[in-house]
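Encoded as structure tokens, the structure appears first; notes follow it.
The values are calculated or read from the model by the stated rules, or taken from the named source; none is laboratory data. Just so we're clear, the structure is a prediction, and the values are computed from it rather than from any experiment. Here the Cβ positions follow ideal geometry from the backbone for every residue, glycine too, while neighbour counts run over all protein chains shown.
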Amino acid sequence: MARYTGPMTKKSRRLGVDLKGNDKYFNKRPYPPGEHGQGRIKESEYLLQLREKQKARYYYGVLEKQFRRYYEEATRQEGRTGENLLVLLELRLDNALYRAGFGRSRAESRQLVSHKHVTVNGRTTNIPSFRVKPGDVIEIRPRARESQAIIGSLEIFGSREAPGWLQPDPSAFKITVVDRPIRSQIDAPVQEQAIVELYSK
């Protein structure tokens, strides 16, 4: 299963946004890496658009081909293409687990799915990109409920407010998808219109 496994802090510093969440190393040095990291860079329109696309890719943990497929699907849907794109990314199973506080990061949530610790509507799935829909019930399998990673994550993040399209029940290790997300519920640090402009060229 292909995914980026390199240093996320380096990507965060290059793109100017904390992609991991609570990254103390990014907060300590919030400027681009390298010898000339604190120098001035001529920021063209293309560079700004490319940066927004890269932010979205690394934020949700998808590769270039996969991201392009999400974009093409978003263009076929009604409404704004940029918002459709973010909604499709939000509906990934690994993201839903992270948003509900069942993982400290999307990478950790992805691992939970890959190791078959998660069921959707009673069926085990090991596909992190599985798309959830309203009415779906996501549960942590009984054998994984004593995992220190899950317990630790729920202790730290389980009390945070989940977005309105999800209804988590930490005591039952369950999440109910109550609706599709809307743009105001998506806190991704991305200007989606710039991505649309980049792909429209």
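So that you can scan it fast, the table gives a plain yes or no per residue for (1) at pLDDT 95 or above; (2) assigned by TED's automatic domain parsing to the domain that holds residue 70; (3) more than 18 Å from the chain's Cα centre (by Cα); (4) surrounded by fewer than 16 Cβ atoms within 10 Å (Cβ to Cβ):
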{"position": "98", "(1), (2), (3), (4)": "no, no, no, no"}
{"position": "105", "(1), (2), (3), (4)": "no, no, no, no"}
{"position": "112", "(1), (2), (3), (4)": "no, no, no, no"}
{"position": "115", "(1), (2), (3), (4)": "no, no, yes, yes"}
{"position": "121", "(1), (2), (3), (4)": "yes, no, yes, yes"}
{"position": "141", "(1), (2), (3), (4)": "no, no, yes, yes"}
{"position": "145", "(1), (2), (3), (4)": "no, no, yes, yes"}
{"position": "165", "(1), (2), (3), (4)": "yes, no, no, no"}
Exactly one condition in (1) modelled with pLDDT of 95 or more; (2) out of contact with any Asp or Glu (no Cβ under 6 Å at 6 or more places or on another chain) is false for residue 82; which is it?
(2)
Working only within the range 69-92, note down all residues that are free of Cβ contacts under 8 Å to residues at least 40 places away in the same chain and assigned to a helix (DSSP H, G or I).
69, 70, 72, 73, 74, 75, 76, 84
